[in-house]
Amino acid sequence: MAFMPVKFDLPKRVKLAQGLWLLYWISMMVGILIFSLGIFFKIELRKRSEMMDNNESHFVPNLLILMGMVACGVNAFGGKVTHDSLDPTKFPKWKPMLKPYLTFCCGFNILLLITALLCFLMQFALYLTLADGLKNGIKFYKDTDTPGRCFMKRTLDMTQIEFRCCGNNNYRDWFEVQWISNRYLDMSNVEVRDRVMSNVEGKYLMDSVPFSCCNPGSPRPCIQHHLTNNSAHYDYDHRIEELNIWTRGCREALVAYYGGLMNSIGGLILLTIILESVDMAGLKYLTTSLESMSDPENPECESEGWLLEKGVKETMSDLFAKLKTMGKTNQVEEGAQAAT
Amino acid sequence: MAVGKVTFTKAERDKLAQVLWLLNWISVVTGVILFSLGLFLKVEIQKRREVMSDQDILYVPHMLITTGLVACCINFLGGKICYDSVDTTKFLRWKLVILPYIVCTFFFTFCVLVGALTCYSIRNQLEESLFLGLRNAMRYYKDTDMAGRCFLKRSMDLLQIQFQCCGNGGYRDWFHIQWISNRYLDMTSSTVVDRLRSNVKGKYLMDGVPFSCCSTFSPRPCIQLQVTNNSAHFNYNHQTEQLNLWRRGCHQALLDHYTGIMQSIGLIVLVIWLFELLVLTGVRYLQTAMENVLLLGDPDSESDGWILENSLAETARSNFNIIKNLGKCYQVDDDPNINIPTATEREVPSRQVQIPVAS
């Protein structure tokens, strides 16, 4: 008893073949889209690799690029087979390749599912990488004369401006770090010396933030120094002032950005899995309806197409038995060798 | 003596019709490109409308948009005509339409050319508009509590950050205006009152710039207040310090930005114009060849195609005569059916003339 049989006559077969060919073209476009999204994701990670301590994992974008290319190839092959399927002279050469092709498509779908899962799970790894990277970024902000770190100031400023954020968790992270280099501090000044000596590590700490934390939407000119000192500025209360500097932390902002990107890509891959499954089902119906034609010389005869030759349970038990015999042949051979 | 005469066989005519059909469809695509270029330019100008004093330069994108739409329609019709030209019977449908179509398209290509040239000539108007717009934006920077101007601060800050510029001509423009609102100035403080009294107009002027002028390339934290006072900051000389603030003025930055966009658009429109001219020439050849075939009577015979039937001078003269005659039909002509009062028939009150009778 075939699984989900459908009767086909010639116009229905032709329609199925045409629809399937179009579907394979669309799937190829989607494959190209996944490939380019993988490249885009890789570039985005590279752009901010300094914020991630240069040790972010490029595994997921590389996997996406590979999956995109394989999807293109698989769908191009499927499209070619569908194109030739209605021509009785060309179709026989593709017949022997169909079974391994469909098995490969199954495996490819499982790989796509794993990729989608990785996309969703990578956000946690990214969260941890960003936490570390931003902390170091803030620490090395002042080291514009140290080779290897001289662009950290610029990168962090641009990130804070672009993502509208300040500091790691919030703007107070800047209070715990010396972000003005000693080159620009007048060590002969009494106030500077007092401040440097006022803490254990000898750092010049102050309740100020860099200019890139300033919010352009604030109605008053930006207050970046003496933030917690209400009397230092006219008509200013730091507890109720919300528009002066960005209140969001950069880790939250970056995770939200990358998280959104990865969720979209994961969603697209799930759609691709559904599309590929539909393609596979269509191809199976088309090939079985062509093979089960009672009179191969007469293209107008009716035929039946199905998804599985036997029912689901029987097919699974057949598959199981085959796997068991594959294992058993090895045992028998060993036994035979041991006997000789 | 025809201009550009070429003889076409039946096969060549068919090939010409097919090629022109394809080219017309490509021209529809270029029409869409023209439309989207106009739309893009309009969006770019609207994005920065707050720093432009007058929006008159919007006529350039509007012209591009209309030209693009008209190009789509004209080339769609042209494609249809060329598709039907393969068959002489179908061509008869278009016989009356095709010559006016070619004349209209010829004048339309002038519009495309004018569109391309305006893109290059807009610079002066843009310069003036940007100068005034930026001056006003800086003047009203502090008025974040006044309706209609409350977002100027934000726009100006984002502009300076994005285009990496400061002020109108340079950062010193900020020294001549009060960019801190009186709401945030402590009028009881003696320093503030002194500064207000130190100039004629009672403005709070200082040698400071907003934070958006700060350069991200600077190795030291940004110095935005007391910019010209070397002693206010350690190890600082404002004359040699190049990286602290953005040195370019926003006027120059915006002008370069818009001129770049318009020059690229102008170049693309020129290429589209040349392509349209090429397609028009092909359609003219096809039209003359098909008409000659119809005159000869045999659809499979060879026929001539040309651009102009007579030489340029004769065609110009005959067109001139046509236009003159068009004007003449409103004047009197020698039609005997019209009753023209002549001098003999005019009723003149005659004087009684005494003729001496000879006896």
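The values are calculated or read from the model by the stated rules, or taken from the named source; none is laboratory data. Quick caveat: nothing in here was measured; it's all calculated off a predicted structure. FYI the Cβ positions are ideal-geometry reconstructions off the backbone, even for glycines, and counts take in every protein chain you see. We work out accessible area using only protein heavy atoms, side chains counted, and drop any ligands, DNA or RNA first. Shrake-Rupley method; radii C 1.70, N 1.55, O 1.52, S 1.80 Å.
In terms of the Cα gyration tensor, with a ≥ b ≥ c the square roots of its eigenvalues, is chain B rounded because a/c is under 1.5, prolate because a/b exceeds b/c, or oblate? It would help to have the intermediate numbers written out before the result.
Details: a/c = 4.45, a/b = 1.88, b/c = 2.37.
In terms of gyration-tensor shape, oblate.
Relative contact order for chain A: what is it in percent, counting Cα pairs under 8 Å that are at least 6 residues apart? Before the final figure, lay out each step's value.
Working: 410 pairs, mean separation 86.8, N = 340.
RCO, chain A: 26 percent.
Can you give me the Rg/Rh ratio for segment B:1-113, using Cα atoms for both radii and the Kirkwood formula for Rh? Could you put the intermediate results ahead of the total?
Working: Rg = 18.7 Å, Rh = 16.3 Å.
Ratio of gyration radius to Kirkwood radius for segment B:1-113: 1.15.
Using a Cα-Cα cut-off of under 13 Å, which aspartates and glutamates could be cross-linked to B:Lys142, ignoring same-chain neighbours fewer than 8 residues away?
B:Asp157
Equivalent-ellipsoid semi-axes (√(5λ), Cα gyration tensor) for chain A, whole Å, largest first?
Numbers: eigenvalues 843, 118, 49 Å².
Semi-axes (√(5λ), whole Å): 65, 24, 16.
Given a 1.4 Å probe, how much area per residue of segment A:103-259 is accessible, in Å²?
Working: 7790 Å² over 157 residues.
Dividing the accessible area of segment A:103-259 by its residue count gives 50 Å².
So what is the diffusion coefficient of segment B:120-223 in µm² per second by Stokes-Einstein at 4 °C and 1.567 mPa s, using a Kirkwood Rh over Cα pairs?
Working: Rh = 15.3 Å.
Once the numbers are plugged in, D ends up at 85 µm²/s.
Give the B-A buried accessible area in Å², both sides summed, 1.4 Å probe, nearest 100. Don't jump to the answer; show the numbers that get you there.
Values: alone 21650 and 19690 Å², together 39020 Å².
Answer for the B-A pair: about 2300 Å² buried.
How much accessible area per residue does chain B have, counting only protein heavy atoms and a probe of 1.4 Å, in square angstrom?
Details: 20490 Å² over 359 residues.
Roughly 57 Å² per residue, with all protein chains present.
Give the list, by residue number, of cysteines in chain A with no other Cys Cβ closer than 4.7 Å, or say none.
A:Cys72, A:Cys105, A:Cys106, A:Cys119, A:Cys150, A:Cys301
Just checking the output field for B:220-233: average partner chain Cβ neighbours within 10 Å of each residue's Cβ? Intermediate results must be reported in sequence, preceding the final value.
Numbers: counts 7, 13, 6, 2, 5, 2, 0, 0, 0, 0, 0, 0, 0, 2.
Taking the mean over all residues of the peptide, I get 3.
Show A:Leu271, B:Leu96, B:Leu20 ordered by accessible area, largest first, where the area counts protein heavy atoms only and the probe is 1.4 Å. Please list the in-between numbers first.
Working: A:Leu271 110, B:Leu96 155, B:Leu20 5 Å².
Greatest to least solvent exposure: B:Leu96, A:Leu271, B:Leu20.
Restricting things to alpha carbons, tell me how big the protein assembly as shown is in terms of Rg and Dmax, in Å.
40.2, 176
Consider all pairwise Cα distances in segment B:1-52 and report the whole-number % of them above 18 Å.
Numbers: 830 of 1326 pairs.
Cα-Cα pairs of segment B:1-52 separated by over 18 Å account for 63 percent.
Are there any residues in segment A:180-221 with a reduction of at least 40 Å² in accessible surface when going from the isolated chain to the assembly of protein chains? Probe 1.4 Å, please list them by number.
Buried on complex formation: A:Tyr184, A:Phe211, A:Pro216, A:Pro219, A:Arg220, A:Pro221.
On the protein heavy atoms, probe 1.4 angstrom, tell me the percent of accessible surface of chain A carried by carbon and sulfur.
On the way: 11680 of 18520 Å².
It is 63 percent, rounded to a whole number.
Against the longest alpha carbon principal axis of chain B, how many degrees, from 0 to 90 and to the nearest 10, is the axis of helix B:59-84 turned?
Computed tilt is about 40 degrees.
Counting only GluC sites (Glu not before Pro) that are in a DSSP loop and have at most 11 other C-beta atoms within 10 Å, tell me the longest site-free stretch of chain A.
Working: sites that count: A:Glu201, A:Glu242, A:Glu297, A:Glu300.
Counting only loop sites that pass the neighbour cut-off, the longest clear stretch is A:1-200.
On a 1.4 Å probe surface of the protein chains, which of A:Ser36, A:Ser231 comes out largest in accessible area, and what is the full order?
Final ranking, largest accessible area leading: A:Ser231, A:Ser36.
I'd like the accessible area for B:Ile177: 1.4 Å probe, protein heavy atoms, all chains in place, Å² to the nearest 10.
30 Å²
Leaving ligands and nucleic acids out of the surface, order B:Cys104, B:Cys250 by accessible area at 1.4 Å, largest first. Each step should come with its number before you reach the end.
Details: B:Cys104 85, B:Cys250 0 Å².
Most to least solvent-accessible, the answer reads B:Cys104, B:Cys250.
Mean separation of Cα pairs under 8 Å and 6+ residues apart, divided by the residue count of chain B: what relative contact order is that in percent? Please list the in-between numbers first.
Details: 429 pairs, mean separation 88.9, N = 359.
Relative contact order comes out at 25 percent.
Roughly what angle does helix B:123-139 make with the longest principal axis of chain B, taking Cα atoms, 0 to 90 degrees, to the nearest 10?
Roughly 30 degrees, rounded to the nearest 10.
Find the relative contact order for segment A:175-325 and round it to a whole percent, using C-alpha pairs within less than 8 Å whose residues are 6+ positions apart.
Numbers: 105 pairs, mean separation 17.8, N = 151.
Across segment A:175-325, relative contact order equals 12 percent.
For helix B:152-163, what angle does its Cα long axis make with the longest principal axis of chain B, in degrees from 0 to 90 and rounded to 10?
80 degrees
Hey, which lysines would be in cross-link range of A:Lys93, C-alpha to C-alpha under 30 Å, not counting anything within fewer than 8 residues on its own chain?
Straight-distance partners of A:Lys93: A:Lys7, A:Lys12, A:Lys15, A:Lys80, A:Lys284, A:Lys310, A:Lys322.
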